[in-house]
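FYI, it's all coordinate maths here, none of it is from the lab. Model, not experiment: these values are computed from the prediction. As a convention, Cβ positions derive from the backbone with ideal geometry for all residues, glycine included, and neighbour counts pool all protein chains shown.
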Amino acid sequence: MFICLVNPAIANESDDSIESLTVQLNEHNEKDSLRVKLLNAIGYKYWIVDANESIRYGEEAKQLSTALSYTPGLAKANRIIGVAFWSQGFQNKALEYLKTSSELYQTIQDKKGVANTTLNLGMVYADLKDYEKALKYYESAINKFTTLELKGRIATTFTKIGIVLIDQHKETEALRYLTDALKMHTDSDFTYGIAEAHSKLGLLYLNLSELEQASYHIRKSISMGSEVNDMHGLTHNLIILAKILRLVGNVEEAALNVEKGLQLAVANDLKQFELLAYDELKELRKLQDKPYEAISYYEKHAVLKDSLFDLEKSKQIAYLEFQNELEKKDSELLKSKAQEKASNTINLILIIGVIVLSIAGYIIFYVSKQRLRKSQQLRIKNKEYLESVQALTLKELENSELKRKELNQQIDFKNRELTSYALNFIKKNEVVQELEHTITELKNTSSIQKDKLILDLKKILRKNISIDKDWEDFSRFFNDVHQGFYTNLKSKHSGLTSNDLRLCSLIILNLSTKETASILGISPESAKTSRYRLRKKLELKSNQEISEYLVKLKTP
């Protein structure tokens with residue numbers, strides 16, 4: 001989940017508005033470094049408003065900087081584009097541009113630029129859930145900002161560290177960092193930083209169930225974030241405030257806030273917040289005794305969650321591939337430098353040898369020259385042979401590694417599909433059980449309207465309780481992942497029923513007794529009894545685990 005849309009690094013560098021900067025750009029027609037600075041300033045201002053516009057201006061600044069060989073402008077343009085891609089969730093592109101920016105800043109020895117890109121890289125790795133690497137970059141950024149005496153940037157980094165610690169459920173440490181960040185931003189009167197710190201403190205106190213404190217910080221964040229037009233932060237805060245209001249019993253106000261948050265999420269294409277809004281609306285409709293609307297929001301939540309899950313996994317896979325590519329390039333660069341150093345050493349030795357041989361005389365020089373020529377020919381042949389062998393070996397290793405990765409990815413994907421299917425069974429049966437409970441309560445009355453509602457609910461129950469088709473799909477996915485399992489099992493135990501086979505499948509997935517009971521539509525006690533009867537049918541010994549026995553049957 002992307003925590004914020006704008007890096008405060010740029011939000012406090014200039015007081016010029018986008019409109020003012022655009023007027024200056026239109027009046028300046030020269031293709032020079034001043035135009036580059038204006039393009040970068042506008043692109044950087046758009047971070048908090050429109051990431052696409054930020055990328056557009058950044059790209060124009062990048063092209064002009066390249067044409068002018070203007071490295072400072074090129075470094076900043078790459079940083080602007082990188083952070084804009086990060087805000088859109090394209091983390092691989094963000095890493096590519098930010099690493100280029102960092103290298104360019106190092107080339108011109110711009111310490112502030114290096115520090116800022118270090119912080120930005122930490123933010124990218126935090127969104128990729130690579131918390132260890134994210135914290136490493138954050139600590140490095142703090143050291144650099146401390147050296148430069150940039151207290152505002154240190155405060156911003158504290159907020160980013162606090163966000164990571166909240167995700168890691170380290171609330172005590174997170175509270176310390178966020179409290180320090182809030183104080184430092186307040187001292188410098190940096191509105192965006194204050195709003196962001198309040199927002200994360202509200203989230204932290206919500207996790208600790210301290211609802212009064214959570215409400216205070218979220219409301220402060222909404223008030224201050226509105227001043228800087230932070231749509232991303234405002235959307236998130238409205239949904240979080242709705243959850244707090246629901247927990248304290250203020251259902252009507254909670255509904256108003258979450259509906260506003262959902263409108264902003266849809267308008268700004270913030271899918272992660274749209275998902276949060278659907279989940280909160282589902283809970284509110286249950287409290288408002290509106291089961292049909294609750295089911296509708298539950299279904300919307302499930303569809304969007306599956307979509308975001310697939311997208312997140314695709315990004316993680318792409319990130320791993322990108323990291324492997326970066327490591328490969330780094331390795332090749334090191335090898336190239338080593339070869340260059342070795343080549344320089346050899347050339348130096350050859351030059352010294354030539355000088356010594358020249359002094360020794362023409363005859364010795366002539367003989368040595370002949371030997372050197374033969375030695376060079378032999379070395380070239382050996383080098384060509386070694387390079388051809390190395391290239392062939394590397395190609396074979398790459399092909400083998402690619403096949404292994406592809407196979408592992410296919411297996412991981414099918415396992416995720418299978419587990420997701422099992423979890424959907426649980427969710428479905430929970431909904432059915434809840435409807436059945438409602439029917440039982442309504443049936444105690446004699447009202448005609450309630451009788452009609454009972455009939456309607458009975459239809460829904462009959463429609464949803466049937467899981468034969470679901471089991472057919474589940475069995476197909478399961479057989480794709482665990483090929484040959486059913487065949488091996490039935491060949492050794494031909495007396496097993498279809499229910500026995502279903503139970504074996506769930507045991508293979510290592511589900512708990514409660515989860516198994518929910519999927520099969522029985523009580524936990526009945527599930528235990530079914531496992532006991534299955535052990536008897538499988539003729540297992542008392543000290544033999546049923547799960548270990550079934551795992552062994554997966555391969556012939």
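How charged is the neighbourhood of Tyr205? Take every other residue with its Cβ under 11 Å from the Cβ of Tyr205, and add Lys/Arg as +1 and Asp/Glu as -1.
With Lys, Arg at +1 and Asp, Glu at -1, the net is -2.
Whole-Å semi-axes of the range 482-556's equivalent ellipsoid, largest first, each the root of 5 times a Cα gyration tensor eigenvalue?
Those come to 19, 13, 12 Å.
Determine the gain in length on full extension of the stretch Asp289-Asn488; use 0.36 nm per residue of separation and subtract their C-alpha separation, reporting nm with one decimal.
66.7 nm
Treat the range 8-312 as a sphere of radius equal to its Kirkwood radius over Cα pairs and apply Stokes-Einstein at 25 °C in a medium of 0.890 mPa s; give the translational diffusion coefficient in µm²/s, rounded to a whole number.
Stokes-Einstein gives a translational diffusion coefficient of 120 µm²/s.
Hey, with R₀ at 41 Å, roughly what FRET efficiency would Tyr532 and Val266 work out to, going by the Cβ-Cβ distance, to 0.05?
0.20
Give me D for the range 112-271 in µm² s⁻¹, whole number, from Stokes-Einstein with Rh from the Kirkwood sum over alpha-carbon pairs, 20 °C and 1.002 mPa s.
Result for D is 133 µm²/s.
Using 0.36 nm times the number of residues separating Glu210 and Thr71, minus their current alpha carbon distance, what extension gain do you get?
In short, 45.0 nm is gained.
For Cα pairs less than 8 Å apart in space and 6+ apart in sequence, what is the mean separation divided by the residue count of the range 17-166, i.e. the relative contact order in percent?
Relative contact order comes out at 14 percent.
Ranked highest first by average number of other Cβ atoms within 10 Å, how do 366-376, 208-218 line up?
208-218, 366-376
Could you give each residue of the range 109-115 its phi-based ³J(HN,Hα) in whole Hz, using Karplus coefficients 6.51, -1.76, 1.60 with θ = phi - 60°, and x for Gly or Pro?
Going residue by residue, I get 6, 8, 5, 5, x, 4, 4 Hz, with x marking Gly and Pro.
If we sort 25-34, 38-47, 126-135, 158-167 on the protection proxy, mean other Cβ atoms within 10 Å, highest first, what's the order?
Ranking the peptides 25-34, 38-47, 126-135, 158-167 by packing returns 38-47, 158-167, 126-135, 25-34.
What list do you get for Leu74, Leu68 if you sort them by fewest beta carbons within 10 Å?
Sorted ascending by nearby Cβ count, the order is Leu68, Leu74.
Can you figure out the FRET efficiency of Thr146 with Asn347, using R₀ = 51 Å and their beta-carbon distance, to the nearest 0.05?
Computed FRET efficiency for Thr146 and Asn347: 0.70.
What ranking, highest mean first, results for peptides 529-542, 491-504, 384-397 when packing means the other Cβ atoms within 10 Å averaged over each residue?
Averaged packing, sorted descending, gives the order 491-504, 529-542, 384-397.
Quick one: if you take sqrt(5λ) for each eigenvalue of the C-alpha gyration tensor of the range 168-220, what semi-axes come out, biggest first, whole angstrom?
That gives 19, 13, 7 Å for the three semi-axes.
Compute the projected area of the convex hull of the Cα atoms of the range 65-139, averaged over all viewing directions, and report it in nm² to one decimal place.
Directional mean of the projected Cα hull area for the range 65-139 stands at 4.6 nm².
Towards the positive end of the charge dipole of the range 8-312, with charges on Cβ (+1 Lys, Arg; -1 Asp, Glu), say which of Leu182, Ala242, Thr172 has the farthest Cα.
Thr172
For the range 482-556, give the magnitude of the charge dipole about the Cα centre (Cβ charges: +1 Lys/Arg, -1 Asp/Glu; no others), in debye to the nearest 20.
So the magnitude is around 180 debye.
Could you grab the relative contact order for the range 482-556? Cα pairs under 8 Å, six or more apart, rounded to a whole percent.
48 percent
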